[in-house]
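**Student:** Have a look at this one before I ask anything.
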Amino acid sequence: AQSVTQPDIHITVSEGASLELRCNYSYGATPYLFWYVQSPGQGLQLLLKYFSGDTLVQGIKGFEAEFKRSQSSFNLRKPSVHWSDAAEYFCAVDFSGAGSYQLTFGKGTKLSVIP
Amino acid sequence: DVKVTQSSRYLVKRTGEKVFLECVQDMDHENMFWYRQDPGLGLRLIYFSYDVKMKEKGDIPEGYSVSREKKERFSLILESASTNQTSMYLCASTSNTEAFFGQGTRLTVV
């Protein structure tokens with residue numbers, strides 16, 4: 001079965017430190033890849049997406065992600081975390097590869113930021 | 001701005017009740033989705049629709065049905081609510097390049 005794995009349930013970082021959130025997916029072809037953020041009591045906001053082309057993708061709020069086909073990974077990074085980045089982050093995959101947006105989500109990584 | 005509106009932020013219903021969760025989008029999108037979100041499980045796809053009167057089962061359709069009578073409205077129906085359907089329900093509407101989510105409906109079944 002197709003699946004998305006976010007191995008870290010909860011991560012705590014200090015403000016100003018760098019961040020990497022991991023995401024792996026199970027599939028052979030290149031799916032469409034997404035990262036969403038959800039602040040408490042809020043809906044999901046798209047941070048960035050990868051469809052094709054350059055494997056390093058820039059998103060909003062200073063986030064970037066790198067697609068590595070050989071590792072079936074799409075890890076999210078930020079060089080310097082701000083307290084406002086505390087939220088839950090979801091990796092999502094459209095395995096259809098056709099842009100149907102049938103998204104399979106990972107279980108999420110909750111990010112806490114220490115002042 | 002694209003807006004996906006879910007009619008209720010919070011609902012409390014009794015076991016056995018028929019429950020309707022409404023979702024409306026204002027961008028003429030053809031694709032609409034219903035997910036449920038549970039702690040530690042992420043979001044799971046319940047049903048989706050690519051056109052009016054069309055519906056497809058997602059990963060966890062049991063206990064749910066949907067209705068898409070108009071393009072802008074996609075309703076999730078719990079025919080007989082049960083306590084294990086207590087959850088956050090998120091509706092999404094998609095263009096060719098992005099999915100837009102509503103704020104969610106937190107449903108409690110008592």
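**Student:** Mind listing the phi-derived Karplus ³J(HN,Hα) values for region A:45-50, rounded to whole Hz, using 6.51, -1.76 and 1.60 with θ = phi - 60°, and x for any glycine or proline?
**Tutor:** For region A:45-50, the Karplus curve yields 10, 6, 8, 6, 8, 10 Hz.
**Student:** Identify all lysines with a Cα-Cα distance to B:K3 below 27 Å; exclude those on the same chain that are fewer than 8 residues away in sequence.
**Tutor:** In chain and number order, the partners are A:K49, A:K61, A:K107, A:K110, B:K13, B:K18, B:K53, B:K55, B:K57, B:K70, B:K71.
**Student:** Cβ under 15 Å from B:L107's Cβ, B:L107 left aside: what net charge do those residues give with Lys, Arg +1 and Asp, Glu -1?
**Tutor:** Taking every other residue near B:L107 into account, the sum is +3.
**Student:** Using a 1.4 angstrom probe on heavy atoms only, work out the carbon and sulfur share of the accessible area of chain B in %.
**Tutor:** 47
**Student:** Sticking with this one: Can you give the Rg and Dmax of chain B based on its C-alpha atoms, in angstrom?
**Tutor:** That works out to 13.0, 39 Å for Rg and Dmax.
**Student:** With the radius of gyration and the Kirkwood radius both derived from the Cα set of the protein assembly as shown, what is their ratio Rg to Rh?
**Tutor:** 0.97
**Student:** Once region A:1-59 is represented by equal point scatterers at the alpha-carbon sites, with solvent omitted, what log10 I(q)/I(0) does the Debye formula produce at q = 0.19 Å⁻¹?
**Tutor:** Results for region A:1-59 at q = 0.19 Å⁻¹ read -0.97.
**Student:** I want to verify the translational diffusion coefficient of chain A in µm²/s; compute it with Stokes-Einstein, Rh as the Kirkwood radius over Cα pairs, at 20 °C and 1.002 mPa s.
**Tutor:** 151
**Student:** While we're looking at this one, here's another question. Averaged over its residues, how many other protein chain Cβ atoms are within 10 Å of peptide B:93-103's Cβ atoms?
**Tutor:** 4
**Student:** Could you compute how much accessible area chains A and B hide from each other, both sides summed, with a 1.4 Å probe? Nearest 100 Å² is fine.
**Tutor:** Separately minus together, A and B give about 1600 Å² buried.
**Student:** Let me ask something else. For chain A, what's the relative contact order in percent, using C-alpha pairs closer than 8 Å and at least 6 residues apart?
**Tutor:** Relative contact order of chain A: 37 percent.
**Student:** Give me the 1.4 Å probe accessible area per residue for chain B, excluding ligands and nucleic acids, in Å².
**Tutor:** In whole numbers, chain B has 50 Å² accessible per residue.
**Student:** Taking amide hydrogens as modeled 1.01 Å from N in the peptide plane, which residues meet the under 5 Å criterion relative to A:K107, leaving out close sequence neighbours?
**Tutor:** A:Q6
**Student:** Once you place label points 7 Å from the Cα toward the Cβ at A:D54 and B:S7, how far apart are they in nm?
**Tutor:** Here the answer is 4.5 nm between the modelled labels.
**Student:** Per residue of region A:100-105, what does 6.51 cos²θ - 1.76 cosθ + 1.60 with θ = phi - 60° give for ³J(HN,Hα)? Whole Hz please, x for Gly and Pro, Karplus curve as stated.
**Tutor:** The phi angles translate into 6, 6, 6, 8, 9, 9 Hz.
**Student:** What is the percent carbon and sulfur in the accessible area of chain A, measuring with a 1.4 Å probe over the protein chains and ignoring ligands?
**Tutor:** Summing carbon and sulfur atoms, their accessible area is 50 percent of the total for chain A.
**Student:** Test of the criteria: in region B:46-110, which trypsin sites (Lys or Arg not before Pro) are in a DSSP loop and have at most 13 other Cβ atoms within 10 angstrom of their Cβ?
**Tutor:** Those that pass, being in a loop and sparsely packed, are B:K53.
The values are calculated or read from the model by the stated rules, or taken from the named source; none is laboratory data. On a predicted model such as this, the values are computed, not experimentally measured, just so you know. Don't worry about glycine lacking a Cβ; one is built from the backbone with ideal geometry, like all the others, and counts go over all protein chains shown. The area values use the complete protein model at the heavy-atom level, side chains included, leaving out ligands, DNA and RNA. Shrake-Rupley method; radii C 1.70, N 1.55, O 1.52, S 1.80 Å.
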